[in-house]
Amino acid sequence: MLKNFGDESTGILSYMELTDLKFIPRRMYYVSKVPKGQVRGKHGHYEDEQYLFCIQGQILVNLFSKNGEQSIVLNPGDSVYVDRMVWGEQQYMTGNDIMLVLCSTKHDDADKFTDKEEVLKR
């Protein structure tokens, strides 16, 4: 999804057109300084959709939906779309990883579920 401009001698600018997204972002955050091997996430959202971007390092993303399970390794510049009603977790592989997240909704604790089996109930 990210496009790159430049080279190693002058630096690389990575960008995307927000019109390429499936939603208009309402919130953005990033996660950094996670110890190597640590797993975060372990939840899903009833309404929120997200794009997860690896900015630095390497992040293993595990997703569980009614369609089954999927594991994706994100390297710098890679991203994955996470639809509503998808339970996910992320394992930070290097200890120097940075994950940027774009969300379709504002933060709402009531939108979050931690029980993986909730995915199959709807």
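Every read-out reported here was derived from the displayed coordinates using simple, explicitly stated rules and does not represent laboratory data. Just so it is clear, the model here is predicted, and its values are computed rather than measured. Here Cβ is always computed from backbone atoms with ideal geometry, including for glycine, and neighbour counts include all displayed protein chains.
Sequence-distant contacts, meaning Cα pairs under 8 Å at least 6 residues apart, place the relative contact order of the chain at 35 percent. How many nm separate the modelled label positions at Leu21 and Ile72, each set 7 Å beyond the Cα in the direction of the Cβ? Distance between label points: 1.5 nm.
What translational diffusion coefficient, in µm²/s and rounded to a whole number, does the Stokes-Einstein relation yield for the chain at 37 °C and a viscosity of 0.692 mPa s, taking the hydrodynamic radius as the Kirkwood radius over Cα pairs? Answer, rounded: 217 µm²/s. Set against the 2.2 N^0.38 Å expectation for a compact globular protein, the stretch 1-51 has a Cα radius of gyration ratio of 1.57. The spacing between the stretch 1-52 and the stretch 77-117, judged by their C-alpha centroids, is 10 Å.
Packing order of peptides 54-64, 100-110, highest average first: 54-64, 100-110 (average count of other Cβ atoms within 10 Å over each peptide's residues). Taking label points 7 Å from Cα along the Cα-to-Cβ direction, Phe5 and Asp108 give a separation of 3.7 nm.
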